[in-house]
1. Within the accessible area of the chain, what % is carbon and sulfur when the probe is 1.4 Å and the other protein chains stay in place?
2. Quick one: what are the phi-derived ³J(HN,Hα) couplings along the stretch 154-165, Karplus 6.51/-1.76/1.60 with θ = phi - 60°, whole Hz, x for glycine and proline?
3. Rounded to the nearest 500, what is the 222 nm mean residue ellipticity of the chain from helices alone, with -39500 (n - 2.57) per DSSP H run of 4+ residues and division by all residues?
4. Direction-averaged shadow area of the convex hull around the Cα atoms of the chain, nm²?
5. Considering the chain as a Gaussian network with a 10 Å cut-off on Cα pairs, which listed residue, 99, 79, 45, attains the greatest mean-square fluctuation?
6. Connecting C-alpha atoms closer than 10 Å in a GNM of the chain, tell me which of 62, 158, 13 has the biggest fluctuation.
7. Over the chain, with the other protein chains present, what is the accessible area per residue in square angstrom, probe 1.4 angstrom?
8. Compute the distribution of all C-alpha to C-alpha distances in the stretch 22-81, in bins of 10 Å from 0, and list the percent of pairs in each, rounded to whole numbers.
Amino acid sequence: MTESATEVRGLPLGAFMAGAAVSVSLGVYGSVHEASEEGPFQLFFSGSTQLKVWFTTVAVILAVVQLMTALRMYGRISFPAVTPPWFGDLHRLSGTTAFIFTLPVAYICLWTFGFNGGASDARTLIHSVLGCLFYGALAAKIFVIRKKSGPAWALPVLGGTVFTILIGLFLTSAVWFWSDSGFPSF
Ligand code: HEM
């Protein structure tokens, strides 16, 4: 069945709507939710902030693996010389695992602080906005993947956007925390 031109043209709008719905819902929840001011769990870390900082770091390392496999599969880089047949699986597995590592982090952020945590500094506001945009961009990417269609630029652009937002989240939280409190602290 050939894709109608309307379907191809409509897909970016559908992806945008899906992403916007997720981002706005997180922002609204974060704004109306009464911040608990204490982390709901911390596993084996000394505190929920340390848990978030390390889980975010693991998510970023996995996202870099996902980016490198994508760049090789799209022929943007030439290492390794021959693309291993399992690179597609590694791309999906690293991306899915990175996403899973962000979930408890975002849950603790929203539960403990809500949106912006009542702070007045630009870093926390930028971080909170990026946090909501991250899941919106991810929802848009999954929308495009599941449609198995659409303009050739949609997936690389959305993949790059998700990666860039995650790096922004990392810089405005884990990297800030370490520069403020010292590295490493478990
Ligand atoms: C879903 C929306 C999100 C909101 C509203 C949000 C909000 C916040 C706020 C208000 C803080 C406290 C900032 C401070 O006082 O220092 C914080 C801390 C933190 N957030 Fe988020 N966040 C979100 C998502 C995320 C995501 C997706 C990640 C990582 C993938 C993340 C990683 C962190 C880390 C590591 C900290 C602790 C370091 C710090 O205190 O800055 N957040 N978040």
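1. 70
2. 4, 5, x, 5, 5, x, x, 5, 4, 4, 4, 5
3. Dividing the helical sum by the residues of the chain leaves -24000 deg cm²/dmol.
4. Reported value for the Cα convex hull: 12.7 nm².
5. Highest fluctuation among the options: 79.
6. Result: 13 has the largest fluctuation of those listed.
7. 58
8. 18, 23, 31, 18, 9, 0
The values are calculated or read from the model by the stated rules, or taken from the named source; none is laboratory data. What you see is a predicted model, and the numbers here were worked out from it, not measured in a lab. Note that each Cβ is placed from the backbone with ideal geometry, even for glycine, and that neighbours are counted across all protein chains shown. The area values use the complete protein model at the heavy-atom level, side chains included, leaving out ligands, DNA and RNA. Shrake-Rupley method; radii C 1.70, N 1.55, O 1.52, S 1.80 Å.
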